[in-house]
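The values are calculated or read from the model by the stated rules, or taken from the named source; none is laboratory data. Given the structure is predicted, the values throughout are model-derived calculations rather than measurements. Here the Cβ is made from the backbone with ideal geometry for all residues, glycine too, and neighbour counts use every protein chain on show.
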Amino acid sequence: MGGEVWAAMKLLHFADLHLDAAFAWLGDARVARARRDALRNALQRIVTLAHTERVDAVLCAGDLYEHDRISPDTAAFLRGAFADLHPIRVFVAPGNHDYYAVDSLYRRASWSGNVHIFTEPRLVPVPLAEGLTLWGAAHLKPTGTPGFLQNFSVDRDGTHLALFHGSEHSTLRDQGDGKVAHAPFAADDVRRAGFDHAFVGHYHVARMAAHHTYPGNPDPLSFGEAGPRGAVLVRVRPDGGIEREQRPVAVSSVHDIEIDVTGCATRNEVAARVAATVTGRTGLARITLRGELAPDVDFAPHDLDAVTAHLDAAVVRASGVRVAYDFDTIAIEPTVRGQFVRDVRESALETEQQRRVLVAGLRALAGRDDLEVF
């Protein structure tokens, strides 16, 4: 490692763009299409950034697109975007969503001469300069790919970089979101295998570790994706050391907003409190309501449609809202509803189930038709 026979090289690293993602969770075909266009725009920003920074190569560590959904139009767009990068070289290491197979776009498309797709399920070398080698590998199926660094060792001198889609063990633990391990590896495996650095994809949260880099997905794909993400501008020194800088390329604004509605006496007050928070924001918002509402408040999530209409989409969650019934006081009433509360409390239902039954039942006894229980 570390041969000093070439000048410093600039690279641009990205991963996990997921072109043609379904965005079915939005429940709106028009908004989902706009989100897919935003992913295309993010790639165009990456192309522009590569030219502006005059990088020597662009690296993509997989999940560039969705294998089962990619359309002919998106395929043409992608071929054109990579051709626009010429003469900048483009290296792609297919991941578990864009795996290299007989029917994959990688195999079917006629790519411009500056594009190199890694096609082997093992690390294969490509020289970037004299003394500088990039090793890449591909997923050939959507699941079950073993770690590319297992039992691998670089067999030549010089500076060596790896490009692949895989799950670093400690990062997997930190995700906490059910992310599945694909081509797993440990951070120490990078140096043990003889690499100066590994450029990887799979996790949508950026992480710049000592010897590996996850850039994060370029444009948000779902709510909850906080923190920096985009593309990483890399300068590789002749001694094998690297310098990295995160560059945002997202075109979308995605907000996670929590609003306490405690004290609101009507659904109009709930809407006003939400409006005060979302006014001036653009893009998509997930609005989580929390707090206690008085029993007389007649509220449903769709009551917020008017105050969120300026957003591309809004998802309202009211699971944190509670109706402030005083069950203890009601339970001692010599009334039908008092007997109802006593019966439910004596039932074998779990605490949360009891609460939901009590709220729905008390609303029904009051002659209300808003029986949805949060």
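Structure above, values below:
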quantity: The one condition in (1) modelled with pLDDT of 90 or more; (2) outside any helix (DSSP H, G or I); (3) exposed (fewer than 15 other Cβ atoms within 10 Å of the Cβ) that Asp369 fails to fulfil; calculated: (1)
quantity: Number of the condition not met by Gly80 [criteria: (1) of a type outside the set (A, V, I, L, M, F, W, C); (2) in contact (Cβ under 8 Å) with a residue 12 or more places away in the chain; (3) surrounded by fewer than 18 Cβ atoms within 10 Å (Cβ to Cβ)]; calculated: (2)
quantity: Matching residues in the range 180-205 - criterion: being of a type in the set (D, E, K, R) and either in contact with a strand residue (DSSP E or B) (Cβ under 7 Å, 6 or more places away or on another chain) or not assigned by TED's automatic domain parsing to the domain that holds Ser153 (or both); calculated: Asp196
quantity: Residues that are within 17 Å of Ala294 (Cβ to Cβ), β-branched (Val, Ile, Thr) and touching a helix residue (DSSP H, G or I) at 6+ places or on another chain (Cβ under 7 Å), drawn from the range 327-365; calculated: Ile330
quantity: Residue within the range 155-162 that is within 21 Å of Arg247 (Cβ to Cβ), hydrophobic (A, V, I, L, M, F, W, C) and modelled with pLDDT of 95 or more present; calculated: yes
quantity: Qualifying residue in the range 210-217 (condition: farther than 28 Å from Asp256 by Cβ, touching a residue at least 60 places away in the same chain (Cβ under 8 Å) and in a strand (DSSP E or B)); calculated: no
quantity: Within the range 267-315, tally of residues that are surrounded by 15 or more Cβ atoms within 10 Å (Cβ to Cβ) and either closer than 16 Å to Gly27 by Cβ or of a type in the set (S, T, N, Q) (or both); calculated: 14
quantity: Test: residue in the range 253-266 that is surrounded by 16 or more Cβ atoms within 10 Å (Cβ to Cβ), of a type in the set (S, T, N, Q) and closer than 28 Å to Arg35 by Cβ; calculated: no
quantity: All positions within the range 16-31 that are in a helix (DSSP H, G or I) and surrounded by fewer than 17 Cβ atoms within 10 Å (Cβ to Cβ); calculated: Ala24, Trp25, Ala29, Arg30, Val31
quantity: Among the candidates Ala34, Ala50, residue that is assigned to a helix (DSSP H, G or I), surrounded by 22 or more Cβ atoms within 10 Å (Cβ to Cβ) and aliphatic (A, V, I, L, M); calculated: Ala50
quantity: Criterion: farther than 28 Å from Arg54 by Cβ and in the same structural domain as Leu161 (by TED's automatic domain parsing) - qualifying residue of Pro87, Pro142, Pro127; calculated: Pro142
quantity: Residue that is modelled with the highest pLDDT [pool: residues in the range 244-268 that are farther than 20 Å from Val297 by Cβ and among the polar types (S, T, N, Q)]; calculated: Gln246
quantity: Filtered residues of the range 53-69 (kept if among the acidic types (Asp, Glu) and either within 17 Å of Ser252 (Cα to Cα) or buried (at least 23 other Cβ atoms within 10 Å of the Cβ) (or both)); calculated: Asp63
quantity: Number of positions in the range 322-337 that are part of a helix (DSSP H, G or I) and surrounded by 15 or more Cβ atoms within 10 Å (Cβ to Cβ); calculated: 4
quantity: Pick from the range 41-57, criterion free of Cβ contacts under 8 Å to residues at least 40 places away in the same chain and not aliphatic (A, V, I, L, M), ranking: nearest to Asn217 (Cα to Cα); calculated: Gln44
quantity: Criterion: of a type outside the set (S, T, N, Q), more than 35 Å from the chain's Cα centre (by Cα), exposed (fewer than 14 other Cβ atoms within 10 Å of the Cβ) and part of a helix (DSSP H, G or I) - qualifying residue of Ala360, Ala364; calculated: Ala364
